[in-house]
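Below is one structure, written out as structure tokens; comments come after it.
Rule-based calculations on the coordinates, nothing more; no lab input. Nothing here was measured: the structure is a model prediction, and the numbers come from that model. A quick note on method: Cβ atoms are made from the backbone with ideal geometry, for glycine too, and the neighbour counts reach across all protein chains shown.
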Amino acid sequence: MIYNVTSKIMPNAKLPLEYVKNTFDKRNKIAKQKSIEFYKNITNECKDGVYSISRIRKCIDNLFAPNKINYTIKSEEREQFSGSIANILSVDKEKQILQYDGIALFLPLKKNKTEVENKYTLFHEVRHMIDYLYNPKVKMHRINNLINNEGYSNATDYINKFFMEEISSKTNMKEFRKEASDLIDILPRDIAIETLQKIRSHLITEINAYSDEIHFRFKGIKNIDDFIDALNLKLSYKLNFKFEDKLKFANKKLNALLKEERASLRKQFD
């Protein structure tokens, strides 16, 4: 079923234009600075090691002040130290508008539900939040286009998940590229382009979040266990996820499809 849905980012779910009108590289640099600022502020705020939701909210609010961003902090129930980030969405059925109302942070909370179990998961997910706010176009028109092509949503969701998962030890990048290319080639070209653009954005923010988390883990080493945890994450990131290699492939495939699309458009007007 195909839907004709438009999207709208609500005022409290975004930063004003003057904060996000720079080039991608400049926005990414600012996002990096904001991530470091949050790390310093929350570490100073939680010197006793208690990363409570109230303290986290205080530091996040200060990070984006004077702007007020609508967000929630909820318990991540999947795994002990895992986290995730999601859109807070609502739908105006009469006007067929999908509204982006804010951001939901899912963090590993202790049994009391008032403190974070793992501070490094917090740093990781807050970097995602920062990236989303400084790259607002990633959020809504990507969602909007995929909803309006819902006939392919299962395929595009599967392909996105395929890019984000670890590569097994039995699979090398050559095999990954072949399988990924075969999956993408199933889609109509316009949807394949849209899917790869979404994947590219997703990969970039994962690279940012993991890079920051790894940096902060090494910075916070206090004993041998901390060192082992930091090293294991760094090795897993490099050897299993291969996000940088996947990004290179996604860009190459996307550029090839865009070249085909432009050639097709020129042919129509010849």
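Couplings for the range 11-26, taken from phi via the Karplus curve 6.51 cos²θ - 1.76 cosθ + 1.60 with θ = phi - 60°, read x, 7, 10, 8, 8, x, 4, 4, 8, 10, 8, 6, 5, 4, 4, 5 Hz in order; Gly and Pro are left as x. By other beta-carbon atoms within 10 Å, ranking Lys34, Lys21 with the fewest at the front produces Lys21, Lys34. For the range 87-130, the relative contact order works out to 26 percent when only alpha carbon pairs closer than 8 Å and six or more residues apart are counted.
Dipole magnitude for the chain: about 740 debye, using +1 per Lys or Arg Cβ and -1 per Asp or Glu Cβ, origin at the Cα centre. Each residue in Leu98, Leu89 was given a count of other beta-carbon atoms within 10 angstrom of its own, and listing them fewest first yields Leu89, Leu98. Whose amide H sits under 5 Å from the amide H of Tyr71, counting only residues 5 or more places off or on another chain, with H placed in the peptide plane? HN-HN under 5 Å from Tyr71: Ile103.
In this structure, the amide hydrogen of Leu89, modeled 1.01 Å from its nitrogen in the peptide plane, lies closer than 5 angstrom to those of Asp101, counting only residues at least 5 positions away or on a different chain. Couplings 3J(HN,Hα) of the range 108-118, computed from phi: x, 9, 6, 4, 6, 6, 10, 10, 7, 6, 10 Hz, in residue order, whole Hz [Karplus 6.51 cos²θ - 1.76 cosθ + 1.60, θ = phi - 60°; x for Gly and Pro].
A crude spin-label estimate for the pair Ser236 and Asp182, with each label 7 Å from Cα along the Cβ direction, gives 2.9 nm. Of the chymotrypsin sites (Phe, Trp or Tyr not before Pro) found in the range 1-65, those that fall in a DSSP loop while having at most 15 other beta-carbon atoms within 10 Å are Tyr3. Of the GluC sites (Glu not before Pro) in the range 49-127, the ones in a loop by DSSP (not H, G, I, E or B) with at most 14 other beta carbons within 10 Å are Glu77, Glu79, Glu94.
Here the range 197-270 is treated with +1 on each Lys and Arg Cβ and -1 on each Asp and Glu Cβ, and its dipole about the Cα centre works out to around 440 debye. Think of it as helices only: each DSSP H run of n ≥ 4 in the chain is worth -39500 (n - 2.57), and spread over all residues that comes to -19500 deg cm²/dmol at 222 nm. Think of the chain as a dipole: +1 on every Lys or Arg Cβ, -1 on every Asp or Glu Cβ, centred on the Cα centre; then among Ala104, Ile130, Thr72, Ile130 lies furthest on the positive end. By the count of other C-beta atoms within 10 Å, a proxy for reagent exposure, Val50, Val126, Val20 are ordered fewest to most as Val50, Val20, Val126.
The GluC sites (Glu not before Pro) of the range 162-270 meeting both criteria, a DSSP state outside H, G, I, E and B (loop) and at most 15 other C-beta atoms within 10 angstrom of the site's C-beta, are Glu165, Glu166.
Against the chain, whose longest principal axis comes from its Cα atoms, helix 243-269 is set at around 30 degrees. In the chain, the DSSP beta bridges split such that about 55 percent are antiparallel, to the nearest 5. Amide H contacts under 5 Å for Leu109: Glu76, Glu117, restricted to partners 5 or more places along the chain or on a different chain, H placed in the peptide plane at 1.01 Å from N.
Taking all Cα pairs closer than 8 Å and separated by 6 or more residues, the relative contact order of the chain comes to 20 percent.
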